[in-house]
Amino acid sequence: MAVKQPKRLRDYGLKSERLLWPTKGPGVFERELGVEDVEQKLMLTTVEKAVAWAQGSSIWPDTFGLACCAMEMIAIVSPRYDIARFGAEVFRSSPRQADLLIVSGRVSHKMAAPLRQIYDQMLEPKWVIAMGACASSGGMFGNYAILQGVDKIVAVDVHVPGCPPRPEALLEGIVRLQEKIKAGVPPAYEIRGVAS
């Protein structure tokens, strides 16, 4: 019967010189920790996972309310919905301090250029939520004045359906975006291009 050799810290991918030295035994830290149950006593992760967790847990939205959906977006900071629970309570007025653009409402062709300018000025990585039927597909305004979907000018990560969607729906969209970020899914602008 083969005896199972206990794992050392170097077996978990740690690459310090001391751990990789083949003739050295376990260090003081490993002896105190107990090498047989190191996984239970020591939280191991990668830098990429830690950065993704930090990015997903501290989203700073930019305020870009255009129509009736903006009232629902404003409601998510109230005590009833409390977006602060999800780390996204810091609505910024400057795109240079924001990494999430919530496009809430219908986008006219006249507003397309300012919207794109704000998007270009945002920090990277950046994400976009199209809130409501009008931002997602033009909604009931199938005419020459309204842009038929904001994804024609910016890469959209999450679409929140509704006319207008309730604050709960926007909270769900933010939670879904956080799950994508924490899972390591790249922003939409890295996955697919956008017509300029």
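At a glance:
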| item | result |
| --- | --- |
| The range 81-129 - charge dipole about Cα centre, Lys and Arg +1 at Cβ, Asp and Glu -1, debye rounded to 20 | 220 |
| Cleavage-rule hits (chymotrypsin sites (Phe, Trp or Tyr not before Pro)) in the range 78-160: DSSP loop, at most 11 neighbouring Cβ within 10 angstrom | TYR144 |
| Global geometry of the range 81-175, whether rounded, prolate or oblate, following the gyration tensor of its Cα atoms and the 1.5 cut on a/c | oblate |
| ALA112 versus CYS68: modelled label distance in nm, points set 7 Å from Cα along the beta carbon direction | 2.4 |
| Virtual spin-label span in nm between ARG92 and SER78, 7 Å along Cα→Cβ | 2.7 |
| Those GluC sites (Glu not before Pro) in the range 100-196 that DSSP places in a loop and that have at most 11 other beta carbons within 10 Å | none |
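Computed from the coordinates by the stated procedures, all read-outs in this text should not be read as laboratory data. Because the structure is a prediction, the values reported are computed rather than measured. Using ideal geometry, Cβ is built from the backbone for each residue, glycine included, and neighbour counts are taken over all protein chains shown.
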